[in-house]
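Here's the structure, in structure tokens; my notes come after.
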Amino acid sequence: MLESDYYLTDNIMKMKKILPFLVVLSIFVSCKKDIIKTPNHLIEKEKMVNIMYDLSLLEAIKVQNPSSLDTFNINPNDYIFKKYKIDSVQFAQSNIYYAADYKEYEKMFKKIKARLDNNKSLVESLIKAQKKKDILLKKEKQKLKIKREADSIKKVKKELKIAKDADSIKKSKRKI
């Protein structure tokens, strides 16, 4: 479990590296002088933030551990399109529309970054709690091991005493 938590934290950190690239891309798109028309099937802003967040996570996973998505036979784009019931054209048009307004697009990315930071904090606290739990479990196992060893030593001593007593009884019977 700790290894997956490590990968999640690492993926969140990689996503933070991807976000500036997306911001720069949005700047180029928003520098157009044409006013972008509202697409017929515009994705709601909050839903778009969720989509971009999920895409960032999946992209970070793909970069960090490419075989993980292949193992489960997941295509990130297809997964997102199915999850949000959209198509690639709808996503592309909505993305262009939102990127045309740089300030709003930047607010969207700030929301994504805030979620990433929040999730990073949660993951770090879970990792810390798991490490603490593992340390306590290890100490408890060590105590049990010591107790078992002590019990087995007592048992052997007791058996030796019984054997010794039995031998002394036999010797005393022979003398009589």
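The values are calculated or read from the model by the stated rules, or taken from the named source; none is laboratory data. Since we're looking at a predicted model, the values are computed, not measured. Note that each Cβ is placed from the backbone with ideal geometry, even for glycine, and that neighbours are counted across all protein chains shown. For accessibility, only protein heavy atoms count, side chains too; no ligands or nucleic acids. Shrake-Rupley method; radii C 1.70, N 1.55, O 1.52, S 1.80 Å.
Taking segment 82-100 on its own, how many of its residues are of a type outside the set (A, V, I, L, M, F, W, C) and free of Cβ contacts under 8 Å to residues at least 12 places away in the same chain?
So the answer is 4.
Collect the residues in segment 69-87 that are part of a helix (DSSP H, G or I) and either modelled with pLDDT of 90 or more or surrounded by 14 or more Cβ atoms within 10 Å (Cβ to Cβ) (or both), keeping them in residue-number order.
If we filter segment 69-87 for residues that are part of a helix (DSSP H, G or I), which is where we start, we get 69-71, 76-84.
Correct list: Leu69, Pro76, Tyr79, Ile80, Phe81, Lys82, Lys83, Tyr84.
One line per residue, one yes/no per condition, for (1) more than 13 Å from Ile96 (Cβ to Cβ); (2) at pLDDT 75 or above; (3) surrounded by 15 or more Cβ atoms within 10 Å (Cβ to Cβ):
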| residue | (1), (2), (3) |
| --- | --- |
| Val23 | yes, no, yes |
| Val29 | no, no, yes |
| Pro39 | no, yes, yes |
| Leu55 | yes, yes, yes |
| Lys62 | yes, yes, yes |
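Taking the conditions exactly as written (under 27 Å from Thr38 (Cα atoms) and open to solvent by 100 Å² or more (accessible area, probe 1.4 Å)), does Lys113 satisfy them or not?
So Lys113 fails the test.
Of Lys141, Lys171, which residue is modelled with pLDDT of 75 or more, out of contact with any strand residue (DSSP E or B) (no Cβ under 7 Å at 6 or more places or on another chain) and in a helix (DSSP H, G or I)?
Matching residue, one of Lys141, Lys171: Lys141.
With respect to Lys103, is the statement that it is open to solvent by 90 Å² or more (accessible area, probe 1.4 Å), closer than 16 Å to Lys47 by Cβ, out of contact with any Pro (no Cβ under 9 Å at 6 or more places or on another chain) and at pLDDT 90 or above true? Quick ask: steps written out before the conclusion?
On the way: open to solvent by 90 Å² or more (accessible area, probe 1.4 Å): yes; closer than 16 Å to Lys47 by Cβ: no; out of contact with any Pro (no Cβ under 9 Å at 6 or more places or on another chain): yes; at pLDDT 90 or above: yes.
Answer is no for this residue.
Out of everything in segment 59-68 that is in contact with a Phe, Trp or Tyr (Cβ under 9 Å, 6 or more places away or on another chain) and not β-branched (Val, Ile, Thr), what residue ends up being nearest to Ile18 (Cα to Cα)?
Once the filter is applied, the top-ranked residue is Gln64.
Taking only segment 127-145 into account, find how many residues are within 17 Å of the chain's Cα centre (by Cα) and either open to solvent by 100 Å² or more (accessible area, probe 1.4 Å) or free of Cβ contacts under 8 Å to residues at least 24 places away in the same chain (or both).
As a first pass, look at segment 127-145 and keep what is within 17 Å of the chain's Cα centre (by Cα): 127-131.
The next check asks that each one be either open to solvent by 100 Å² or more (accessible area, probe 1.4 Å) or free of Cβ contacts under 8 Å to residues at least 24 places away in the same chain (or both); those that pass are 128-129, 131.
So the count comes out to 3.
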